[in-house]
1. Counting just the residues of the stretch 53-64 that are of a type outside the set (A, V, I, L, M, F, W, C) and closer than 28 Å to Lys74 by Cβ, which one comes out surrounded by the most Cβ atoms within 10 Å (Cβ to Cβ)?
2. If Gly19 meets every condition in (1) closer than 18 Å to Ile142 by Cβ; (2) surrounded by fewer than 18 Cβ atoms within 10 Å (Cβ to Cβ); (3) not aliphatic (A, V, I, L, M) apart from one, which number is that one?
3. Those residues that are under 16 Å from Thr86 (Cα atoms) and not hydrophobic (A, V, I, L, M, F, W, C), I need them from the stretch 24-64; list them, please.
4. How many residues does the stretch 65-85 hold that are touching a Pro at 6+ places or on another chain (Cβ under 7 Å) and of a type in the set (S, T, N, Q)?
5. Which one of the conditions (1) more than 16 Å from Asp16 (Cβ to Cβ); (2) touching a residue at least 24 places away in the same chain (Cβ under 8 Å); (3) part of a loop (DSSP other than H, G, I, E, B) does Lys114 fail to meet, given that it meets all the rest?
6. Can you go through Leu50, Leu9 and tell me which one is surrounded by 13 or more Cβ atoms within 10 Å (Cβ to Cβ), over 16 Å from Met141 (Cα atoms) and in contact (Cβ under 8 Å) with a residue 60 or more places away in the chain?
7. Does the stretch 81-90 contain at least one residue that is outside any helix (DSSP H, G or I), surrounded by fewer than 13 Cβ atoms within 10 Å (Cβ to Cβ) and either at pLDDT 95 or above or of a type in the set (Asp, Glu) (or both)?
Amino acid sequence: MQKKKKKKLTKIAFLDRDGVINYSNVQNGYIGHIKYFKWYKGAKKAIKLLNHNKYKVVIVTNQSGVARGFFNQKDVNNLHKYVKSTIKEYGGRINAVYHCPYHKDGKIKKFRKKSKLRKPEIGMFKLAQKKWKIDRRKSFMIGDQKTDMLFAKKAKISGYLFNEENLYEFVKKKVFLYENLKNNLISQY
């Protein structure tokens with residue numbers, strides 16, 4: 001009888017999109033078209049740094065602009081293809097993008113509902129769990145909203161509130177410094 005192989009634990013850096021890798025705030029923050037997406041300073045470099053440190057990078061983003069009728073699913077999917085291909089050209093990788101197009105107050109009937117995908121709920125985390133066995137101790141969420149921090153808390157991972165000017169510097173100083181300290185403390189006991 002063969003032994004069942006244990007699935008390796010995966011470190012994941014969950015990143016919010018708008019306010020973390022995209023700094024554009026046109027259309028009241030509802031960004032569904034490539035022309036409105038503007039890379040946050042240091043975002044591409046931060047993603048490459050995370051890849052270099054063996055993190056899968058997963059974007060988790062609420063996109064109620066679909067439910068509100070500001071743009072459609074195809075627009076959001078095209079934008080996410082653009083983001084992934086731009087990072088690939090830069091030498092980095094985004095492993096997955098999950099988004100929630102639903103909102104209970106949406107104008108578009110098909111998308112007008114409460115959804116477990118919408119942060120702070122952890123439906124998008126559960127989608128990632130289906131793909132990888134997530135190492136909760138080493139995984140984390142970077143977001144710019146309270147809902148992102150609640151998402152992290154509910155998923156039982158670390159959460160980092162990003163409100164600075166450069167994502168690369170933030171990841172380098174806050175995330176890696178904290179994670180290294182935490183791992184060193186854990187390994188001492």
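The values are calculated or read from the model by the stated rules, or taken from the named source; none is laboratory data. Small disclaimer: the values here were computed from a predicted structure and weren't measured. Every residue, glycine as well, gets a Cβ built from its backbone with ideal geometry; the counts of neighbours run over all protein chains shown.
1. Gln63
2. Unmet condition: (2).
3. Hits for the stretch 24-64 are His33, Lys35, Tyr36, Lys38, Tyr40, Lys41, Gly42, Lys44, Lys45, Lys48, Asn51.
4. 1
5. (2) is the only condition that Lys114 fails.
6. Leu9
7. For the stretch 81-90, residues outside any helix (DSSP H, G or I), surrounded by fewer than 13 Cβ atoms within 10 Å (Cβ to Cβ) and either at pLDDT 95 or above or of a type in the set (Asp, Glu) (or both): absent.
Residue-wise test of (1) assigned to a loop (DSSP other than H, G, I, E, B); (2) at pLDDT 95 or above.
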| site | (1), (2) |
| --- | --- |
| Val20 | yes, yes |
| Ser24 | yes, no |
| Lys44 | no, yes |
| Ile47 | no, yes |
| Val58 | no, yes |
| Gly92 | yes, yes |
